[in-house]
Amino acid sequence: MSSAKHITRVAVIYPFVNDMEIDSVARLSETVGLAAAISLDVVWSGVFKLREVKAGTFFGKGNIDKINALVREHEIDLLVIDGDLSPIQQRNLEKHLNIKIIDRTALILEIFGERAQTKEGALQVELAHLTYQRSRLVRSWTHLERQRGGAGFLGGPGETQIELDRRIIDEKIVKIKKALEKIKQTRGLQRRARQKVPYPIVALVGYTNTGKSTLFNYLTKANVFAKDLLFATLDTTMRKLCLPSGHEVILSDTVGFISDLPHELIMAFRATLEEVLEADIVVQVLDAANVDNKSQRQDVLEVLHNLGLEQIEHQESYIEVYNKIDLLNNSQIKNIKTASNTVAVSALEGTGCNELLQRIDNILRKEYVITEIDVDASDGKTIAWLHKNAEVLESVLNDDKLHLRFRIKEDDIGKLQKFLKSS
């Protein structure tokens, strides 16, 4: 795909099929925001109503003629179709319109490609991009041939261009998966190291641009990049956070979600989202000023469900934060649902953040208890078990006895008792 830097004039089309149950204006606005996130100049955007999707060209002949006219009128360089185009549909439309065309998945992949900062993030994006392109192969992959140095001579006589291109992509996918597996193993070691000092994990999730990173910065006094931009940050960031009770937790800021997140990216970023799967508390951040926040809330929950967190919204360990209340008036703030798992905040001004910290504290207090025990100073086995499975708060040596004060999950007290009986 051509680099966004060389494209100046873009049109965005949202194809609205008659039986769709979706706010077409909100969806179009979101996609225009996605294009703007990588500095594309959107000079025209609109909704095209379709009776049905054509297998060969997606749009019918009448709509293709209309699109062709607007492309010429506005001198469009790139056409973004806010939907999923099959390889055949994309190729046929490009032939009819004589213009570069990408679909929603390709647009999001382009954004992720620009935003990934860490080695893992870049590899995950490349894997998703190659997986997406492998099914297409609608144009020459000469850039891949150049990277491999003479790949065109490896296929032997009779190998077609598509077969060669597919083999090149498959080889790159294998290499990336191996590299990601090494990174995953390293992260596993880091996670086990954290478990030796088992701070509970609180994961921030939410739709992109709801202010997660701004909230993360306010709570942890960190300096994570935060901007009014879709997908401003992609890589998971973690910081230690002290709660009102003095209880310490690890706060995790994850990649933002979006409606119809491409399947390739859900799979590719599963490793990044592992922190959410292992979190003790999941905090969904919503934009209180966005009229579409209910559907955005559902989009996030659906992704979480797909990752294995079924019915997460009904768990005590789930909190919903309505952010950006500084953009609302008093009556609108009062109308925000005040359920036991809901907090209204302004991450920009700090309003409501103390209440959020208290909510997190209250949940953890139900799960954790602080207790004390005296063990022989020479009993290294029991001391090691406690350091591995609990948070040792105080350790005092009295003669040959070690007095330990520690915080432990209530569910683990039985394990401790069983361990003591067996040792």
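The values are calculated or read from the model by the stated rules, or taken from the named source; none is laboratory data. Predicted model only: the values in this text are computed from it and were never measured. Because the Cβ atoms are built from the backbone with ideal geometry, glycine has one as well, and the counts that use them run over all protein chains shown. Please note that ligands, DNA and RNA were not included when accessible areas were found on the heavy atoms of the full protein model with its side chains. Shrake-Rupley method; radii C 1.70, N 1.55, O 1.52, S 1.80 Å.
Just to be sure, is residue 405 outside any helix (DSSP H, G or I), open to solvent by 60 Å² or more (accessible area, probe 1.4 Å) and closer than 30 Å to residue 315 by Cβ? I'd like the intermediate steps shown before the answer.
On the way: outside any helix (DSSP H, G or I): yes; open to solvent by 60 Å² or more (accessible area, probe 1.4 Å): yes; closer than 30 Å to residue 315 by Cβ: yes.
The answer is yes for residue 405.
I'm trying to understand the selection: among the residues of the range 302-334, which are among the hydrophobic types (A, V, I, L, M, F, W, C) and either exposed (fewer than 13 other Cβ atoms within 10 Å of the Cβ) or in a loop (DSSP other than H, G, I, E, B) (or both)?
The initial filter retains those residues of the range 302-334 that are among the hydrophobic types (A, V, I, L, M, F, W, C), namely 303-304, 307, 309, 312, 319, 321, 325, 327-328, 333.
Within the range 302-334, 307, 309, 328 qualify.
For the range 189-209, state whether one or more residues are open to solvent by 60 Å² or more (accessible area, probe 1.4 Å), in contact with a Ser or Thr (Cβ under 8 Å, 6 or more places away or on another chain) and either at pLDDT below 90 or of a type in the set (D, E, K, R) (or both).
no
Please specify each residue of the range 408-423 satisfying the condition of being open to solvent by 90 Å² or more (accessible area, probe 1.4 Å) and not charged (D, E, K, R).
To start, the set of residues in the range 408-423 that are open to solvent by 90 Å² or more (accessible area, probe 1.4 Å) comprises 410-411, 415, 417-418, 421-422.
Result: 417, 422.
Among the residues of the range 54-84, which ones are open to solvent by 70 Å² or more (accessible area, probe 1.4 Å) and of a type outside the set (Asp, Glu)?
54, 55, 61, 66, 72
Go through the range 282-301 and report how many residues are open to solvent by 10 Å² or more (accessible area, probe 1.4 Å) and either of a type in the set (Gly, Ala, Ser) or more than 21 Å from residue 219 (Cα to Cα) (or both). Outline the logic, then answer.
In the first step, residues of the range 282-301 are kept if they are open to solvent by 10 Å² or more (accessible area, probe 1.4 Å); the result is 287-299.
Retained after the next criterion (residues that are either of a type in the set (Gly, Ala, Ser) or more than 21 Å from residue 219 (Cα to Cα) (or both)): 288-299.
Total meeting the criteria: 12.
Mind checking which residues of the range 19-49 are in a helix (DSSP H, G or I), modelled with pLDDT of 85 or more and open to solvent by 70 Å² or more (accessible area, probe 1.4 Å)?
Within the range 19-49, just 29 meets the criteria.
When you check residue 361 against the structure, is it open to solvent by less than 50 Å² (accessible area, probe 1.4 Å), part of a helix (DSSP H, G or I) and of a type in the set (Asp, Glu), yes or no? Give the derivation first.
Values: open to solvent by less than 50 Å² (accessible area, probe 1.4 Å): yes; part of a helix (DSSP H, G or I): yes; of a type in the set (Asp, Glu): yes.
Taking the combined requirement at face value, the residue satisfies it.
Can you list residue pairs whose Cβ atoms sit under 6 Å apart, with the first residue in the range 394-423 being free of Cβ contacts under 8 Å to residues at least 24 places away in the same chain and the second being surrounded by 10 or more Cβ atoms within 10 Å (Cβ to Cβ) and in a strand (DSSP E or B)? Count only pairs 6 or more apart in sequence or on different chains.
That search, which allows pairs on different chains as well, returns 394/405; 395/404; 396/403.
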